[in-house]
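Asks: Have a look at the structure that comes next, please.
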Amino acid sequence: MSAKETIQSGKAVLGIEFGSTRIKAVLIDADNKPIAQGSHTWENQLVDGLWTYSTEAIWYGLQDCYADLRKNVLAQYDVEIEALAAIGVSAMMHGYLPFKGNDILVPFRTWRNTNTGKAAATLSELFNYNIPLRWSISHLYQAILDNEEHVSDIEFLTTLAGYIHWQLTGQKVLGVGDASGMIPVDPATKTYDAEMVRKFNELIEPKKLPWTLLDILPKSLVAGENAGFLTPEGAMRLDVSGHLKPGIPFCPPEGDAGTGMAATNAVKVRTGNVSAGTSSFSMIVLEKPLSKPYEVLDMVTTPDGSLVAMVHCNNCTSDINAWVKVLKEYAELLGVEQNTGELYTRLFEIAAKGDADCGGLVSFNYISGEPVTGCMDGRPLIVRSANDKLTLANFMRAHLYGAIAVLKFGNDILLKEEGVKVDRLTGHGGYFTTPKVGQSMLAAALDSPITVMETAGEGGAWGIALLAAFVVNNSDGMSLPDWLDNVVFAGNSGSTISPNAEDVEGFNKYLENYKACLPIEKSAVENKK
């Protein structure tokens, strides 16, 4: 069946993902190959000291993204999208969206906020489990500690993906992977850990709130379960042109970590992936629980509920983007027009020619706070001494190293201290767009082979489209790991780069300098203008 026939017959599957800077929609065919895309660019806002996106921006972004997809389909195939086989919605994980009825009680507090330190520390001790600052339960308990008036009015608490899914289908549900970023999930039951729920309810009992935790959380679902159908109201909210018909089945809404695992075939035990874009995180599917909790390691799950160790970093490529913009302006000042994509490629390639240790230069890419290194606010810095080798190659290499330096902290615990075994570690995201460069640097940082697949650029929207296809196109009843292995990625092993000894030594030297310079970064945060 051609792509046009697939769309006309309603057999295409739609995946939509809300990233930090872009909302992306992908249509895939029966072979799980992308056949059309749409996108919308957006940015978070710092309002009253908190990072947020307005509900107006959420819905305008979704509608504009879908309209861009529809325009793409019309231009390529001269057909309208009227029916689909399935839809999936994913988004950046964690954060805080409390509702009374359909009304949001406070502006969406995203994963990027670091104002939840007291709550996260209290809950980590109570649960004997690392509870990160950005998790929904941290935001909820911090609001309780701060005596925020809205808390007693909460009827439903969800994530961004859960909110959009609810409004499109009427179902208050969440994929288990996204649910595990609200409050820990028990891998045996695939739902919220009952003992931790009990402890939380006892903790807040003196507040005499009119709800207990399970009253307000979405139901947890695993990959492959039906999560509702597009309602007539939802169809109009998604496609304002009115062509899309209701009744389309949905997969459980997932977080960007889960879709990254699906998109890189990293759902099976002893596989992992590194997502490197606006933020970065690594995910390794564990054979068994870790020996103890670690403050820099988050425990979440795959979309089918297997235990995953996650190293999450709030910052990755945003500071690189800022410097590329400056260098583009300089080129244009000289009268040299630069294609942005080509400029990125050239700058990444020159970084590969820099000294293995960046000539002593160190980059802190902290646009926002970085809890792993104890920085609650961001101050991007480039640090050097008078004797360091300041060249363009070293400057760019320092920024590429800086983008993945914090990942190294957590992965050293997993791979060295805990002895976690990994058969395949796959990279995806904008950091890997220039062939081999980012891949080689991550291999040096983690001292581990890194695989990048041809589909690495497809991203999370493709990953959630795969999870939607898994609901309707898995007639053989395979597990998610087997379906990905045997159906989606059959014959696609990707390209692998092993670490170069000189680069490993150079990155380790860079990291020594990085750690030595951390007090400079912390002082910049403490003495902010």
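Asks: Can you tell me which residue among G224, G162 is touching a Leu at 6+ places or on another chain (Cβ under 7 Å) and part of a helix (DSSP H, G or I)? Break it down stepwise before answering.
Replies: Details: G224 fails: part of a helix (DSSP H, G or I).
Of G224, G162, the one residue that is touching a Leu at 6+ places or on another chain (Cβ under 7 Å) and part of a helix (DSSP H, G or I) is G162.
Asks: Turning to a different aspect of this structure: I need the strands (runs of 3 or more DSSP E) fully contained in the range 11-51, keeping only those with at least 2 residues that are of a type in the set (F, W, Y).
Replies: Working: elements: 13-18, 22-28, 34-41, 45-47.
In the range 11-51, there are no strands (runs of 3 or more DSSP E) which contain 2 or more residues that are of a type in the set (F, W, Y).
Asks: Can you tell me which of (1) in contact with an Asp or Glu (Cβ under 8 Å, 6 or more places away or on another chain); (2) open to solvent by 10 Å² or more (accessible area, probe 1.4 Å) is the one H150 doesn't meet?
Replies: Condition not satisfied by H150: (1).
Asks: I'd like the residue in the range 337-353 that is modelled with pLDDT of 95 or more and not in a helix (DSSP H, G or I) and, out of all such residues, is least open to solvent (accessible area, probe 1.4 Å).
Replies: Taking the candidates together, the pick is A352.
Asks: Quick check on I183: is it more than 22 Å from W111 (Cα to Cα) and either more than 24 Å from the chain's Cα centre (by Cα) or among the hydrophobic types (A, V, I, L, M, F, W, C) (or both)?
Replies: For I183, the condition - more than 22 Å from W111 (Cα to Cα) and either more than 24 Å from the chain's Cα centre (by Cα) or among the hydrophobic types (A, V, I, L, M, F, W, C) (or both) - is not met.
Asks: Let me ask you something else. Output the number of residues of the range 230-245 satisfying the condition of being hydrophobic (A, V, I, L, M, F, W, C), outside any helix (DSSP H, G or I) and either open to solvent by less than 30 Å² (accessible area, probe 1.4 Å) or out of contact with any helix residue (DSSP H, G or I) (no Cβ under 6 Å at 6 or more places or on another chain) (or both).
Replies: Let us first name the residues in the range 230-245 that are hydrophobic (A, V, I, L, M, F, W, C), namely 230, 235-236, 238, 240, 244.
If we keep only those that are outside any helix (DSSP H, G or I) as well, we get 230, 240, 244.
Now restrict to residues that are either open to solvent by less than 30 Å² (accessible area, probe 1.4 Å) or out of contact with any helix residue (DSSP H, G or I) (no Cβ under 6 Å at 6 or more places or on another chain) (or both): 230, 244.
So the count comes out to 2.
Asks: Of V47, V73, which residue is open to solvent by 40 Å² or more (accessible area, probe 1.4 Å), out of contact with any Lys or Arg (no Cβ under 7 Å at 6 or more places or on another chain), of a type in the set (V, I, T) and touching a residue at least 12 places away in the same chain (Cβ under 8 Å)? Talk me through it step by step, then tell me what you get.
Replies: Values: V73 fails: open to solvent by 40 Å² or more (accessible area, probe 1.4 Å).
Among V47, V73, only V47 is open to solvent by 40 Å² or more (accessible area, probe 1.4 Å), out of contact with any Lys or Arg (no Cβ under 7 Å at 6 or more places or on another chain), of a type in the set (V, I, T) and touching a residue at least 12 places away in the same chain (Cβ under 8 Å).
Asks: Next up: Please determine, by comparing only the residues of the range 28-38 that are of a type outside the set (D, E, K, R) and open to solvent by less than 40 Å² (accessible area, probe 1.4 Å), which one is farthest from A67 (Cα to Cα). Spell out how you get there, then give the answer.
Replies: The first filter runs over the range 28-38 and keeps only residues of a type outside the set (D, E, K, R), leaving 28, 30, 32, 34-38.
So of that shortlist, the ones also open to solvent by less than 40 Å² (accessible area, probe 1.4 Å) come out as 28, 32, 35-36, 38.
On the way: I28: 17, N32: 22, I35: 16, A36: 12, G38: 8 Å.
Only one residue tops the list, namely N32.
Asks: Let me ask something additional. Could you look through the range 267-282, keep only residues that are part of a loop (DSSP other than H, G, I, E, B) and of a type in the set (S, T, N, Q), and pick out the one that is nearest to the chain's Cα centre (by Cα)?
Replies: Narrowing the range 267-282 to residues part of a loop (DSSP other than H, G, I, E, B): 267-270, 277-279.
Going one step further and asking which of them are of a type in the set (S, T, N, Q), we end up with 278-279.
Numbers: T278: 9, S279: 7 Å.
Residue satisfying both the conditions and the ranking: S279.
Asks: Right, next: Which of the residues belonging to the range 283-332 are hydroxyl-bearing (S, T, Y) and in a loop (DSSP other than H, G, I, E, B)? It would help to see each step written out before you state the result.
Replies: Within the range 283-332, the first condition is being hydroxyl-bearing (S, T, Y), and the residues that meet it are 291, 294, 301-302, 306, 317-318, 330.
Hits for the range 283-332 are S291, Y294, T302, S306, T317.
Asks: Do the conditions hold for A356, that is, is it in contact (Cβ under 8 Å) with a residue 40 or more places away in the chain and assigned to a helix (DSSP H, G or I)?
Replies: Numbers: in contact (Cβ under 8 Å) with a residue 40 or more places away in the chain: yes; assigned to a helix (DSSP H, G or I): no.
Considered against the rule, which asks whether it is in contact (Cβ under 8 Å) with a residue 40 or more places away in the chain and assigned to a helix (DSSP H, G or I), A356 comes out as no.
Asks: Collect the residues in the range 4-27 that are open to solvent by 10 Å² or more (accessible area, probe 1.4 Å) and closer than 17 Å to G277 by Cβ, keeping them in residue-number order.
Replies: The answer is E17, G19, S20, T21, R22, K24.
Asks: List pairs: first residue in the range 496-519 and over 12 Å from V406 (Cα atoms), second residue among the polar types (S, T, N, Q) and open to solvent by less than 80 Å² (accessible area, probe 1.4 Å) anywhere in the structure, Cβ distance under 6 angstrom, at least six positions apart or on different chains.
Replies: Pairs found: T496/T451; I497/Q439; I497/S440.
Asks: Any residue at all in the range 385-393 that is modelled with pLDDT of 90 or more and crowded, with 19+ Cβ neighbours inside 10 Å?
Replies: Going residue by residue through the range 385-393, those that are modelled with pLDDT of 90 or more are 385-393.
Next, only the ones that are crowded, with 19+ Cβ neighbours inside 10 Å stay: none.
No, because not a single residue in the range 385-393 is modelled with pLDDT of 90 or more and crowded, with 19+ Cβ neighbours inside 10 Å.
Asks: Here is a list of conditions, (1) surrounded by fewer than 24 Cβ atoms within 10 Å (Cβ to Cβ); (2) of a type outside the set (S, T, Y); (3) part of a loop (DSSP other than H, G, I, E, B), and I131 meets all of them except one; can you say which number that is?
Replies: Going through (1) surrounded by fewer than 24 Cβ atoms within 10 Å (Cβ to Cβ); (2) of a type outside the set (S, T, Y); (3) part of a loop (DSSP other than H, G, I, E, B) one by one, I131 breaks only (1).
Asks: Looking at the range 175-224, which of the residues that are within 20 Å of D298 (Cα to Cα) and of a type in the set (S, T, N, Q) is most open to solvent (accessible area, probe 1.4 Å)?
Replies: Here the answer is T189.
Asks: Looking at (1) charged (D, E, K, R); (2) in a loop (DSSP other than H, G, I, E, B); (3) loosely packed, with under 13 Cβ neighbours inside 10 Å, which is the one condition that is false for E80?
Replies: Status for E80: all satisfied but (3).
Asks: Another one. Can you tell me which of (1) outside any loop (DSSP other than H, G, I, E, B); (2) among the hydroxyl-bearing types (S, T, Y); (3) surrounded by fewer than 23 Cβ atoms within 10 Å (Cβ to Cβ) is the one T426 doesn't meet?
Replies: (3)
Conditions tested, residue by residue: (1) open to solvent by 10 Å² or more (accessible area, probe 1.4 Å); (2) at pLDDT 90 or above; (3) of a type outside the set (G, A, S).
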| position | (1), (2), (3) |
| --- | --- |
| S279 | yes, no, no |
| S282 | no, yes, no |
| V296 | yes, no, yes |
| V311 | no, yes, yes |
| C316 | no, yes, yes |
| V324 | no, yes, yes |
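Asks: Same structure, new question: Go through (1) farther than 17 Å from I87 by Cα; (2) of a type in the set (A, V, I, L, M); (3) open to solvent by less than 40 Å² (accessible area, probe 1.4 Å); (4) more than 21 Å from the chain's Cα centre (by Cα) one by one and return the number of the condition M1 breaks.
Replies: Only one criterion in (1) farther than 17 Å from I87 by Cα; (2) of a type in the set (A, V, I, L, M); (3) open to solvent by less than 40 Å² (accessible area, probe 1.4 Å); (4) more than 21 Å from the chain's Cα centre (by Cα) is unmet by M1, namely (3).
Asks: Report, by residue number, each residue of the range 471-529 that is farther than 23 Å from K268 by Cα, open to solvent by less than 70 Å² (accessible area, probe 1.4 Å) and not in a helix (DSSP H, G or I).
Replies: Initial filter on the range 471-529 (farther than 23 Å from K268 by Cα): 499-529.
After this cut, where a residue has to be open to solvent by less than 70 Å² (accessible area, probe 1.4 Å) as well, the list is 499, 503-504, 506-508, 510-511, 513-514, 517-518, 521, 523-525.
Correct list: P499 only.
Asks: Could we say that A468 is modelled with pLDDT under 95, of a type in the set (G, A, S) and either closer than 19 Å to G175 by Cβ or buried (at least 17 other Cβ atoms within 10 Å of the Cβ) (or both) here?
Replies: Against the criterion (modelled with pLDDT under 95, of a type in the set (G, A, S) and either closer than 19 Å to G175 by Cβ or buried (at least 17 other Cβ atoms within 10 Å of the Cβ) (or both)), A468 does not qualify.
The values are calculated or read from the model by the stated rules, or taken from the named source; none is laboratory data. What you see is a predicted model; the values in this text were computed from it and never measured. Cβ: placed from backbone, ideal geometry, glycine included. Neighbour counts: every protein chain shown. Accessible surface areas use protein heavy atoms only, side chains included; no ligands, DNA or RNA. Shrake-Rupley method; radii C 1.70, N 1.55, O 1.52, S 1.80 Å.
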